[in-house]
Every structure is written in C-alpha cells, then in structure tokens.
C-alpha cells in the first residue's frame with residue numbers, strides 16, 4: 001500500500017471520529033455504570049476489578065444495558081490533536097486545543113488531565129477525572145505539537161503548565177539509580193513507562209521553551225528506567241510484584257521516550273539502551289506480516305493499540321535501522337487491512353476465534369489515527385533535529 005493509500009485510510013478514520021464529536025466508550029469505563037458503581041461501593045476492590053475486566057473482555061458491547069454513555073476522553077482528544085498537527089490539519093488544531101484545555105481536571109492550579117470514568121486497578125483506585133502523569137504527558141505533548149505548527153502562545157503556556165504537574169504534583173520513588181514518578185497524585189506506584197513519559201514531556205518542553213534546566217530534571221527519571229532494563233533488552237511494566245510483565249505498547253512508550261532523551265542530550269547510555277531495546281522490541285512483538293503481538297510469549301490477541309504504537313515507535317526509530325521503517329509499513333498494512341472497518345472505525349482486537357469490533361474512541365480510534373499519522377506525516381515532530389537519518 002502506498003503512502004496515499006494510508007492517507008485515504010487516515011481521512012476515513014478521522015471522519016468517523018469527527019462525526020461523533022470524538023466521544024465514545026472505553027475498554028475500562030465499566031464503573032461509569034450506575035449499577036456497577038454501586039456494586040463497587042458495596043463490595044470494593046475485587047468487585048471493581050472483576051466488573052471492569054468482564055465488560056472489557058465481553059465480545060459484544062453491553063454498555064447500553066448498563067447505562068454507560070459515550071464521553072470525550074482527554075487522552076484520546078490529545079492523540080487527535082497531535083495527529084492533526086502532524087498531518088497539516090490546521091483548521092482542526094484550534095478547536096481541538098480549546099476543547100482539550102476545557103477538559104482539564106478540576107480543582108488544580110496547573111494543567112493536568114485524567115479519564116472521565118473511575119478506574120479500579122490492582123495497585124490503586126482512581127476516581128473519575130483524577131489527573132495522571134500518562135494523560136497529562138500526552139496532552140502536554142499535543143499542545144507542543146500544536147504550538148510547533150501555529151505558534152499560538154496559549155498552547156506553549158498550557159504545555160509548560162503540564163510540566164509543572166509532572167515536576168510538582170506527583171509522589172517520587174527514589175534510590176541510588178534515580179527517581180520514578182507515581183502514576184497519579186493519590187497513589188505511590190512506580191510504573192516505569194508512565195514516569196518516563198513525564199520525562200519525555202520535560203525534554204520536549206525544554207527544547208520548545210528554552211528551559212534547559214528541565215533536561216536536568218528529566219535525567220533522574222531516565223536513569224531509574226535505564227537501571228531497570230533487563231538483559232534481553234526489555235522492561236517490565238513496573239516495580240510491584242504484580243507489575244513484572246512486559247507488553248508491546250508500554251515498551252513502545254519507553255523506547256520512544258528514551259530515544260527523545262538520547263537525541264536531546266547525546267547521552268551514550270540512553271542511546272545504547274534504545275539500540276538494544278529496539279532490536280528486542282522488533283523481534284519479540286511483530287510477526288513477518290506485521291502482526292502486532294500484545295505479549296512476546298503469546299501472539300493473540302492482536303490489539304489495535306499495540307499495532308498503532310508499533311507504527312509510531314518503529315517510525316521514530318527508523319533512522320537507527322532501515323528494517324524498522326520497513327516493518328512499520330508492514331504493521332500499517334496490517335492495521336488498515338485487519339482493523340479498519342469499511343465505515344472508518346477501528347476494531348478493538350482480533351482474538352484467536354473472533355474479532356471484537358466495539359468502537360472504542362480512545363483505545364482504538366484515537367490510537368489508530370495517531371498510528372496512521374506517523375506514516376502519513378512528512379516528518380515526526382521531535383525535540384532535537386527531527387528524525388535520525
């Protein structure tokens with residue numbers, strides 16, 4: 001498939017999302033149901049986890065029966081804003097920027113964002129709209145992408161305010177290797193990919209705003225993650241005993257963030273870690289036809305998020321090895337051929353016996369659009385010198 005073919009697919013997927021006001025349901029929104037939220041209040045954490053997983057794993061969408069309605073997810077909107085900026089959709093940038101600013105988490109003196117639903121994880125419970133380093137980092141980078149195109153000072157101001165959230169509002173796990181940020185202001189977990197996303201925002205903002213001191217603030221976050229790279233080049237999800245697993249798209253987050261830091265600082269340790277991790281990532285998580293493997297030790301389910309993040313990561317790393325660029329195009333073909341429905345929505349997963357076509361706006365549509373944008377864009381917006389090679 002040629003680049004124009006990918007562009008047509010991107011236009012179709014964008015139109016589907018835009019027609020719905022970028023609002024939709026989410027794999028993890030079970031506790032937006034009044035019935036399930038009530039059960040969670042009565043029975044607590046085990047019920048919340050079970051309810052969330054049951055709704056997420058269902059082959060058909062049961063949300064209408066549970067009273068769960070579509071909502072706009074700030075992280076999804078941030079992905080659409082980044083995609084608009086990177087593919088020249090200038091008319092879309094202003095409205096998306098304004099809307100994302102309006103969706104800031106209430107009650108904070110800095111720009112920050114969370115999800116529009118409560119979320120029960122194994123490590124913590126986050127009420128709806130609780131800001132997280134992940135959602136805030138994606139939003140902050142989206143405003144940097146917008147600023148790079150429009151030079152609107154409000155976008156840079158909002159991105160710098162998001163950096164203050166990363167620097168000031170999160171708990172910190174510290175040891176001799178460095179620092180790991182908590183996922184949110186109300187938990188103390190150490191999730192490697194989440195913390196390094198905060199570092200990436202600081203690096204990109206340092207370049208955009210001439211805040212060189214923020215490179216120094218990002219460095220301990222990077223050192224902590226570098227020290228956790230396994231011998232095979234991979235990283236576990238986090239520090240807790242139940243966070244020792246490794247998956248495709250979180251690995252992509254880590255690699256993309258470390259690559260940004262390595263190019264911004266010419267740091268040899270980060271550069272070596274990316275080279276080793278990229279080789280392991282390409283080998284473990286993609287098949288010969290571009291199949292996106294969720295986990296390295298089992299191929300199913302194929303997941304649209306893993307495919308889309310694969311496109312973004314491999315495209316970003318293509319200057320390190322031409323094989324990554326070629327693999328990105330294979331993943332793009334797989335994404336379009338197997339996940340993109342004729343009406344323009346992205347399917348969620350392809351499981352061993354069936355496909356799940358529930359149209360998730362953040363997990364599927366926003367990531368699918370963002371992945372295709374990485375193939376269609378002339379160049380990826382990065383903090384120092386564009387792409388390698």
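Given the condition assigned to a helix (DSSP H, G or I), touching a strand residue (DSSP E or B) at 6+ places or on another chain (Cβ under 7 Å), surrounded by fewer than 24 Cβ atoms within 10 Å (Cβ to Cβ) and touching a residue at least 12 places away in the same chain (Cβ under 8 Å), answer yes or no: does some residue in segment 336-358 qualify?
In the first step, residues of segment 336-358 are kept if they are assigned to a helix (DSSP H, G or I); the result is 336-339.
Filter once more, so that each one left must be touching a strand residue (DSSP E or B) at 6+ places or on another chain (Cβ under 7 Å): 338-339.
Adding the requirement that they be surrounded by fewer than 24 Cβ atoms within 10 Å (Cβ to Cβ) leaves 338.
Adding the requirement that they be touching a residue at least 12 places away in the same chain (Cβ under 8 Å) leaves 338.
Yes, there is a match, as at least one residue in segment 336-358 is assigned to a helix (DSSP H, G or I), touching a strand residue (DSSP E or B) at 6+ places or on another chain (Cβ under 7 Å), surrounded by fewer than 24 Cβ atoms within 10 Å (Cβ to Cβ) and touching a residue at least 12 places away in the same chain (Cβ under 8 Å).
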Residue 221 vs. criteria free of Cβ contacts under 8 Å to residues at least 40 places away in the same chain and part of a helix (DSSP H, G or I): no
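Residues are listed down the side, and each one gets a yes or a no for (1) at pLDDT 95 or above; (2) under 19 Å from residue 196 (Cβ atoms); (3) surrounded by fewer than 16 Cβ atoms within 10 Å (Cβ to Cβ):
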position	(1), (2), (3)
268	yes, yes, yes
273	yes, yes, no
277	yes, yes, no
280	yes, yes, no
286	yes, no, no
292	yes, no, no
298	no, no, yes
301	no, no, no
304	yes, no, no
Mind checking which residues of segment 91-136 are within 24 Å of residue 257 (Cβ to Cβ), in a loop (DSSP other than H, G, I, E, B) and out of contact with any strand residue (DSSP E or B) (no Cβ under 9 Å at 6 or more places or on another chain)? 103, 104, 105, 108, 110, 111, 112, 113, 121, 122, 124, 131
Somewhere in segment 189-203, is a residue surrounded by fewer than 18 Cβ atoms within 10 Å (Cβ to Cβ), in contact with a helix residue (DSSP H, G or I) (Cβ under 7 Å, 6 or more places away or on another chain) and either under 18 Å from residue 134 (Cα atoms) or modelled with pLDDT under 95 (or both)? no
Conditions: (1) in contact with a helix residue (DSSP H, G or I) (Cβ under 6 Å, 6 or more places away or on another chain); (2) surrounded by fewer than 24 Cβ atoms within 10 Å (Cβ to Cβ); (3) more than 30 Å from residue 353 (Cβ to Cβ). Residue 323 meets all but one. Number of the miss? (1)
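Can you tell me which residue within segment 1-46, out of those that are assigned to a loop (DSSP other than H, G, I, E, B) and at pLDDT below 95, is farthest from residue 326 (Cα to Cα)?
From segment 1-46, those assigned to a loop (DSSP other than H, G, I, E, B) are 1-2, 20-23, 26-29, 33, 44; that's our starting set.
Still in the running and at pLDDT below 95: 1-2, 44.
Values: 1: 12, 2: 12, 44: 48 Å.
Going through the qualifying residues, I end up with 44.
The values are calculated or read from the model by the stated rules, or taken from the named source; none is laboratory data. Remember, it's a predicted structure, so these values are computed and weren't measured experimentally. So basically every Cβ, Gly included, is an ideal-geometry build from the backbone, and we count neighbours across all protein chains shown.
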